[in-house]
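The values are calculated or read from the model by the stated rules, or taken from the named source; none is laboratory data. Remember, it's a predicted structure, so these values are computed and weren't measured experimentally. Counting neighbours? That spans all protein chains shown, and the Cβs are built from the backbone with ideal geometry, glycine included. All accessible areas refer to the heavy atoms of the entire protein, side chains included, with ligands and DNA or RNA removed. Shrake-Rupley method; radii C 1.70, N 1.55, O 1.52, S 1.80 Å.
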Amino acid sequence: MDNPTFSHSVKGRIRNLSLPHNSFNSLIPILEAISNAVHSIQEKYGDDSSEKGKITIDIIRDNDENPTSFVITDNGVGLNQKNFDSFITADSTFKVKQGGKGIGRLTWLKVFKKTKIESTYQDNKNIKSRKFNFSVHNQTDDQNPIHDYSECIKDDMNGTGTIIRLEKYERPYQLKCPKKDSTICHYITGHFFYLLLQSDCPNIFVIGEERYSIKEDLRSNMQKQKPTSYSVILENDEDISCDITCLKVDKKILQETKHKILYLGDGRCVREQNISTKLGFDYGLEDAEGNKNLYLIALVNSKYLDGHVTSERNMFNIEAKTFKEINDESINQIKNIFQPAINNVIKENMTTLKNMLDSYPKFSYLIDNIYEYARNKLQLSDRTPDKIYSHLSTADFREKRKLKNKIDKVDTYDDEELQSVINSITEASKSNLAEYVVFRKIILDMLEKRLRKNPDTGKDYKENEIHKLICPTKSNNQEKPHYENHNLWVIDDRLPFYDFWASEQEMYKYSSSESGDRPDIIFFNRAMLLKDNSNNPHVIVEFKRPNRDDNTNDKDGNEDAIEQCYRYIDKLREHKIEDNTGRIIREIKAADPFIVYIICDIDKNLIRTLKRKGIYKPMPGNKNDSYYGYNDAYNTAIHVISYDRLLNDAKKRNDIFFDKINIK
């Protein structure tokens, strides 16, 4: 009894061919036809293929200028009998040594409605021709896509070759086909980069609205590095041998201006990786004229990759972690090849990193050596302050999370481990303190600028500008409770510790007084049970405009600053101070002490007024810039301080910190 015959469905085979609708896959049939043409030419001409071989790709467009068909013509050996036998054999192994998968022509059936083939070949002493259509579209025969076959002996002896007409895209692929000739050329160049560098590569021309020479365009617009061999040791100890060839290619013949690795299977690009961020080059490399027009294209060859190409040639059958190992080592090789350029990126990152640490020293505990950190921790692409700050913030968060986890387990540590945790806490705390010290330096620099004339207007800054720098106006510390919202330390480091302060707010908003007067800043502490309030004074601060030549009167000429503060005290005596919720902070008794700071520039008129009021004791280190006195009737100490003295005293109190972190 005869064995049953195993049949196959061509339409089923085409349906199962994995070829998603995208731009690259819309061109795969053209790339397969080019590959077949190259093999045919190399079979005919051998080492002379580069000189004598010729492939043309004609782009046929519809009335809307959309590509609909392609004609690929070569002068190769043609579909002689052995080549034709391979062509009509599904999944042929005829070209397996050349990396052939035996299914390239099946992509013609999937992507185009019809393919017409005409091939001239030599059969003994005769030149013969084969013609046939190749299609499954609207065909009833599910096993044979070849139709209208004919062959004959040709009278002329013009030579051998093949013409492939890929006609009428299937609609989903036509929608994805690139419209521009140049883009189609870029895809062809990218796919055949390695082939185009070989000595036996034939000439390849694309003819559309213009004529393009693929091989010559590439070779005249690139610089080639010497190939490098290297090994990749996989996690399973398998040793993979690879070769890498680096090209610097002019951007005008590239589809994308990105630095890339092209992973090759049998000499053809299967997968590409953008490595711009890995190298830190988001721009081109310099050409001979100094223009940044060159982009790195690295070609990676390996027998391992050749053996793992899918039949559709659009991916590798490799586990993700294995490919990552290959990719990581390939990037390391490229970094070694381009080390001088990468060193420049590292130096730029070092400069940005150093500037970042100067501005944000809270991150300094993360870094022992700036060069090593820039080289090994930062991504080479982390070149902007924003990216480096983001990196440092993430690293800071992770380090403090680890530190918190260690602190949670502190009871289990021996002495050495405990000391390590203490050291980590100390370093992190120092860094946070350093950032606050830098902030103080910035505030003092800003204050110093406000004591000069405004460069935009040429006039002196108003006292309100000084006021707002030291403390928010028209608010109190319960409305803006955060420590960072004021800089009261500029006046006196004790002021931030008062329970309640109000800045340029009407008295009736925080006291039982009905007065609408608004002291610049006023401070109160809660009454201390069983304690004498004499060491717990209330504080008033008044600012006057810098460089004002008459601080003896207010703007209406009625009252000087000292009298103004006495008036505030009079209106607060015997009244209750309340917080924003109405809760009583304390009651101002008749004998409660006050301290008044009047901050202004001191001139002769003011000095005369101070003498008359008995407020003329020079403060230590006085250079006619600060005086104090005491009014027994008001139980009030008065401090009159010039802006220069205020600034210099604040600097002196902080100098030790500025010196410590070298921001003098």
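Is it true that some residue in region 149-171 is touching a Gly at 6+ places or on another chain (Cβ under 6 Å), of a type in the set (A, V, I, L, M) and either under 21 Å from Arg313 (Cα atoms) or part of a helix (DSSP H, G or I) (or both)? The answer is no, given that none of the residues of region 149-171 is touching a Gly at 6+ places or on another chain (Cβ under 6 Å), of a type in the set (A, V, I, L, M) and either under 21 Å from Arg313 (Cα atoms) or part of a helix (DSSP H, G or I) (or both).
You will find that of Asn648, Asn580, Asn605, the residue that is surrounded by fewer than 15 Cβ atoms within 10 Å (Cβ to Cβ) and closer than 26 Å to Arg450 by Cβ is Asn605 and no other. Number of residues in region 260-277 that are of a type in the set (Gly, Ala, Ser) and in a loop (DSSP other than H, G, I, E, B): the value is 1.
Just to be sure, is Ala374 closer than 30 Å to Tyr295 by Cβ, out of contact with any Phe, Trp or Tyr (no Cβ under 8 Å at 6 or more places or on another chain), modelled with pLDDT under 90 and open to solvent by less than 50 Å² (accessible area, probe 1.4 Å)? Against the criterion (closer than 30 Å to Tyr295 by Cβ, out of contact with any Phe, Trp or Tyr (no Cβ under 8 Å at 6 or more places or on another chain), modelled with pLDDT under 90 and open to solvent by less than 50 Å² (accessible area, probe 1.4 Å)), Ala374 qualifies.
Please work out which residue is most open to solvent (accessible area, probe 1.4 Å), limiting yourself to region 1-33 and to residues that are β-branched (Val, Ile, Thr) and modelled with pLDDT under 95. If we take residues in region 1-33 being β-branched (Val, Ile, Thr) and modelled with pLDDT under 95, then Thr5 is most open to solvent (accessible area, probe 1.4 Å).
Can you pull out every residue in region 436-461 that is buried (at least 16 other Cβ atoms within 10 Å of the Cβ), charged (D, E, K, R) and not in a strand (DSSP E or B)? Result: Arg440, Lys441, Arg450. Of the helices (runs of 4 or more DSSP H) that lie entirely inside region 180-252, those containing 1 or more residues that are out of contact with any Gly (no Cβ under 9 Å at 6 or more places or on another chain) and over 25 Å from Lys303 (Cβ atoms) span 181-191, 214-219. Only one entry in Asp181, Asp217 is open to solvent by 10 Å² or more (accessible area, probe 1.4 Å) and acidic (Asp, Glu), namely Asp217. Residues of region 622-639 that are open to solvent by less than 50 Å² (accessible area, probe 1.4 Å) and touching a residue at least 60 places away in the same chain (Cβ under 8 Å): Asn631, Thr636, Ala637, Ile638.
The sole residue among Asp266, Asp282 that is open to solvent by 70 Å² or more (accessible area, probe 1.4 Å), of a type in the set (Asp, Glu) and either more than 21 Å from Leu27 (Cα to Cα) or over 24 Å from the mean Cα position of the chain (by Cα) (or both) is Asp282.
Residues are listed down the side, and each one gets a yes or a no for (1) acidic (Asp, Glu); (2) at pLDDT below 95; (3) surrounded by fewer than 21 Cβ atoms within 10 Å (Cβ to Cβ):
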site: Asp499; (1), (2), (3): yes, yes, yes
site: Glu514; (1), (2), (3): yes, yes, yes
site: Ile521; (1), (2), (3): no, no, no
site: Arg526; (1), (2), (3): no, yes, yes
site: Leu530; (1), (2), (3): no, yes, yes
site: Pro537; (1), (2), (3): no, yes, yes
site: Ile540; (1), (2), (3): no, no, no
site: Asp549; (1), (2), (3): yes, yes, yes
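Where strands (runs of 3 or more DSSP E) fall entirely within region 543-649, none has at least 2 residues that are in contact with a Cys (Cβ under 9 Å, 6 or more places away or on another chain) and at positive phi.
The criterion of being open to solvent by 50 Å² or more (accessible area, probe 1.4 Å) and either at pLDDT below 90 or more than 22 Å from Asp142 (Cβ to Cβ) (or both) does not hold for Asn83.
Output the residue which, of all residues in region 608-621 that are under 25 Å from Leu572 (Cα atoms) and either of a type in the set (A, V, I, L, M, F, W, C) or at pLDDT 95 or above (or both), is surrounded by the fewest Cβ atoms within 10 Å (Cβ to Cβ). Filtering region 608-621 for residues that are under 25 Å from Leu572 (Cα atoms) and either of a type in the set (A, V, I, L, M, F, W, C) or at pLDDT 95 or above (or both), the one surrounded by the fewest Cβ atoms within 10 Å (Cβ to Cβ) comes out as Ile615. Among the residues making up region 385-414, those that are open to solvent by 60 Å² or more (accessible area, probe 1.4 Å) and at pLDDT 85 or above are Pro385, Asp386, Lys387, Tyr389, Ser390, Phe397, Arg398. Would it be correct to say that Asp655 is under 57 Å from the mean Cα position of the chain (by Cα) and charged (D, E, K, R)? When the stated conditions are applied, Asp655 passes them.
Answer yes or no: is there a residue in region 333-355 that is in contact with a helix residue (DSSP H, G or I) (Cβ under 6 Å, 6 or more places away or on another chain), at pLDDT below 85, open to solvent by less than 80 Å² (accessible area, probe 1.4 Å) and under 21 Å from Phe439 (Cα atoms). Among the residues of region 333-355, not one is in contact with a helix residue (DSSP H, G or I) (Cβ under 6 Å, 6 or more places away or on another chain), at pLDDT below 85, open to solvent by less than 80 Å² (accessible area, probe 1.4 Å) and under 21 Å from Phe439 (Cα atoms), which makes the answer no. The condition of being under 26 Å from Pro20 (Cβ atoms), part of a helix (DSSP H, G or I), at pLDDT 90 or above and open to solvent by less than 20 Å² (accessible area, probe 1.4 Å) holds for only one of Ile326, Ile297, that being Ile326.
Every test in (1) surrounded by 14 or more Cβ atoms within 10 Å (Cβ to Cβ); (2) within 17 Å of Ser503 (Cβ to Cβ); (3) in contact with a helix residue (DSSP H, G or I) (Cβ under 8 Å, 6 or more places away or on another chain); (4) at pLDDT below 90 is passed by Tyr483 save one, and that test is (1).
The residues in region 356-371 that are surrounded by 14 or more Cβ atoms within 10 Å (Cβ to Cβ) and either at positive phi or not in a helix (DSSP H, G or I) (or both) can be counted, and the count is 2. Against the list (1) under 35 Å from the mean Cα position of the chain (by Cα); (2) of a type in the set (Ser, Thr, Tyr); (3) part of a strand (DSSP E or B), the condition Thr257 fails is (3).
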